[in-house]
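Notes to accompany the following structure.
The values are calculated or read from the model by the stated rules, or taken from the named source; none is laboratory data. What you see is a predicted model; the values in this text were computed from it and never measured. Positions of Cβ are generated from backbone atoms using ideal geometry, with glycine treated the same way; all protein chains shown enter the neighbour counts.
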Amino acid sequence: MASRPAAPAWHLYVPKLYTVLQRGYGLADLRADLVAGLTVAIVALPLAMALAIASGTTPEKGLHTAIVAGFLISFLGGSRVQIGGPTAAFIPVVFVAIERFGYGGLILCTLLAGLMLIAAGLLRLGTLMKYMPKPVVTGFTAGIAVSIFSSQVKDLLGLSLDKVPAEFLARWEALVGALPSINPWAPAVAGASIAVIVVMRRWKPTSPSMLVAVLGASVFVAVANVPVETLAMRFPEGIPASLPTFAFPHIPFERTFELLPTAFTIAFLAGVESLLSAVVADGMTGGRHRSNCELVAQGVANCASALVGGLPATGAIARTATNIRAGARSPVAGMLHAAFLLAFMLVAAPAMGYVPLAALAGVLLIVAWNMAEIEAIKHLSRGPVGDQVVLWVTFVLTVAFDLTIAIEVGVVLAAFLFMHRMASVVAVDADARLDDEDDFGRPATPDQRADLPPGVEAYQVTGPLFFAVANRLDEVLDQFFSPPKVFILRLRLVPMIDASGVGAFTGFLERAHKLGIRVVLSGLQPQPRAVLARMHALDHPAIAADVAGFDAAVPVARGLVGSA
């Protein structure tokens with residue numbers, strides 16, 4: 001029997017837009033994408049300005065980034081519904097880069113980061129970036145949230161402070177020293193904006209709560225002549241009502257090697273966040289993104305953003321989710337979102353000067369709270385002690401020092417932790433038989449399969465279920481043309497599981513539950529059982545039974561099929 005020819009390598013880089021148009025794109029699709037694009041543009045408008053100001057630059061830089069990079073990410077990307085633009089994750093990195101190297105230095109960092117992302121995509125490193133341990137990701141994300149909060153205290157309280165230091169401790173020292181200059185109107189405007197956003201999200205989650213809050217605050221401040229700082233006061237030159245153009249700044253090419261660590265951090269953040277956003281989008285839509293194509297698109301978008309004087313860009317998880325909920329069907333929605341933003345800027349630029357900075361600070365406080373992932377931190381805090389150490393070390397280093405250092409130390413700690421766990425497992429199982437170990441995710445043997453009733457499948461997982469192999473568990477269900485009614489998951493040869501493995505295990509159960517598959521666990525070992533129980537993964541409704549071995553699992557599965 002002739003083997004099936006391998007797919008050509010170039011298919012990894014075909015944008016989803018081409019795939020969508022090739023399969024057919026009608027008027028109904030365009031209408032849906034128009035509504036989604038307009039919805040996301042309304043959400044992105046105040047957010048893009050707030051992110052730019054928090055990064056230490058002018059509001060139009062955020063808008064230009066959302067327009068240029070957002071269009072290219074959708075046009076060239078490997079996800080059907082990804083929305084790109086500036087994100088909160090870049091705020092501390094960009095702020096420090098401008099502080100140390102000037103805006104020209106940031107432009108060079110963004111260009112270098114774009115080239116790194118293109119190279120990563122061409123070298124097919126997209127899959128490797130998904131292996132980042134969850135405690136590291138949660139740690140630096142929560143750390144970024146704290147940094148964002150500290151960057152907004154000045155505008156939140158209306159403090160009279162000429163310059164806010166980039167370093168965390170020095171910043172808080174300056175903020176505390178400026179407390180006597182607090183303007184009571186600023187926290188009142190910020191608090192009202194936050195209240196509007198929270199209430200509207202609970203009352204009507206699909207409403208553009210951030211834009212409503214900012215518009216309401218702007219009208220109130222203008223009509224009542226409230227003494228708070230506005231965009232026009234801080235940026236008297238105003239927001240230009242024109243297309244993004246490139247004003248070539250002084251780029252310190254002689255400092256290229258000095259800028260490489262910052263450029264790498266930008267590239268790493270852009271890559272990881274865009275792929276995480278694409279994974280979230282896949283979970284919401286049932287699709288599958290092209291990770292290497294997505295990295296190339298992110299690289300091109302960041303290079304283009306730098307060439308129009310913009311900021312670093314990546315896939316935005318919240319805006320992508322908004323796009324999906326608004327009914328987006330294709331990358332056209334993301335391209336239209338960029339076009340609508342451009343139209344808003346051209347038409348409404350003069351009116352944007354009335355926006356109070358305290359309202360934008362309130363918007364970013366909501367963003368920071370969402371980034372903090374409190375539930376994820378609580379969940380990981382019930383995990384193994386080693387994972388907790390990685391989480392909090394990464395968090396502290398992100399807040400107090402530098403994101404680059406935090407990522408490097410977090411990954412190295414996770415690697416050493418893994419090696420320690422593996423050494424412990426080998427010591428315990430030194431006399432174990434090795435001739436009955438199969439490959440990860442291997443199906444039941446022919447003799448075992450003969451005992452399975454119709455509608456039942458059985459797979460065996462071999463080896464530790466840790467961060468480097470966790471995503472493979474999610475691929476098991478993709479191998480079936482028609483989902484089984486009962487799935488026996490054999491775990492006898494899984495000696496250890498970490499927090500990322502628990503996340504993959506829970507994700508597998510979620511997919512099985514959505515597909516109506518009953519899961520029977522077989523041979524769960526003590527360490528995985530203790531971790532899964534502590535993190536409440538064994539309480540999932542998809543689990544129909546938990547038995548000692550495969551021989552006990554077969555009659556249980558037969559009974560479940562019969563009762564279905």
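Filter segment 465-489 for residues that are of a type in the set (V, I, T) and surrounded by fewer than 22 Cβ atoms within 10 Å (Cβ to Cβ); which is modelled with the lowest pLDDT? Lay out the reasoning, then the answer.
Narrowing segment 465-489 to residues of a type in the set (V, I, T): 469, 476, 486, 488.
Pick out the ones that are also surrounded by fewer than 22 Cβ atoms within 10 Å (Cβ to Cβ) and you get 469, 476.
On the way: V469: 64, V476: 74.
So the residue we want is V469.
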Expected single match for crowded, with 16+ Cβ neighbours inside 10 Å, over 24 Å from E373 (Cα atoms) and not assigned by TED's automatic domain parsing to the domain that holds A328 among P59, P15 is P15
Condition check: in a loop (DSSP other than H, G, I, E, B) and either more than 20 Å from L12 (Cα to Cα) or not assigned by TED's automatic domain parsing to the domain that holds P208 (or both). Does T65 satisfy that? no
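Name the residues in segment 520-542 that are crowded, with 18+ Cβ neighbours inside 10 Å and out of contact with any His (no Cβ under 8 Å at 6 or more places or on another chain), would you?
Filtering segment 520-542 down to residues crowded, with 18+ Cβ neighbours inside 10 Å leaves 520-524, 527-528, 531-532, 535, 537, 542.
Result: V520, L521, S522, G523, L524, Q527, P528, V531, L532, A537.
Among the candidates G271, G216, which residue alone is within 30 Å of A192 (Cα to Cα), part of a helix (DSSP H, G or I) and in contact with a helix residue (DSSP H, G or I) (Cβ under 8 Å, 6 or more places away or on another chain)?
On the way: G271 fails: within 30 Å of A192 (Cα to Cα).
G216 is the lone residue from the list that is within 30 Å of A192 (Cα to Cα), part of a helix (DSSP H, G or I) and in contact with a helix residue (DSSP H, G or I) (Cβ under 8 Å, 6 or more places away or on another chain).
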Please enumerate the residues belonging to segment 379-412 that are crowded, with 18+ Cβ neighbours inside 10 Å and over 22 Å from the mean Cα position of the chain (by Cα). P384, G386
Scan S207, S242, S218 and give me the residue that is of a type in the set (S, T, Y) and either at pLDDT 90 or above or outside the structural domain of A306 (by TED's automatic domain parsing) (or both). S218
Boolean, A278 is crowded, with 23+ Cβ neighbours inside 10 Å, among the hydrophobic types (A, V, I, L, M, F, W, C), under 14 Å from the mean Cα position of the chain (by Cα) and farther than 22 Å from S209 by Cβ: yes
Which of the residues spanning segment 136-171 are in a helix (DSSP H, G or I) and surrounded by fewer than 14 Cβ atoms within 10 Å (Cβ to Cβ)? L169, A170
Six or more apart or on different chains, Cβ under 9 Å: which pairs go from a residue in segment 251-264 that's within 19 Å of G299 (Cβ to Cβ) to one that's among the aromatic types (F, W, Y) and assigned to a helix (DSSP H, G or I)? Could you list them? L259/F101; T262/F101
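Identify, from the list A359, A339, the residue that is crowded, with 21+ Cβ neighbours inside 10 Å, at pLDDT 85 or above, over 19 Å from the mean Cα position of the chain (by Cα) and of a type in the set (A, V, I, L, M). Can you show your working first?
Values: A339 fails: crowded, with 21+ Cβ neighbours inside 10 Å.
The conditions single out A359.
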Is it true that some residue in segment 114-129 is buried (at least 23 other Cβ atoms within 10 Å of the Cβ), out of contact with any Asp or Glu (no Cβ under 9 Å at 6 or more places or on another chain) and within 23 Å of A328 (Cβ to Cβ)? no
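Considering only residues that are under 19 Å from the mean Cα position of the chain (by Cα) and not aliphatic (A, V, I, L, M), which ones fall in segment 79-109?
To start, the set of residues in segment 79-109 that are under 19 Å from the mean Cα position of the chain (by Cα) comprises 79-94.
Correct list: S79, R80, Q82, G84, G85, P86, T87, F90, P92.
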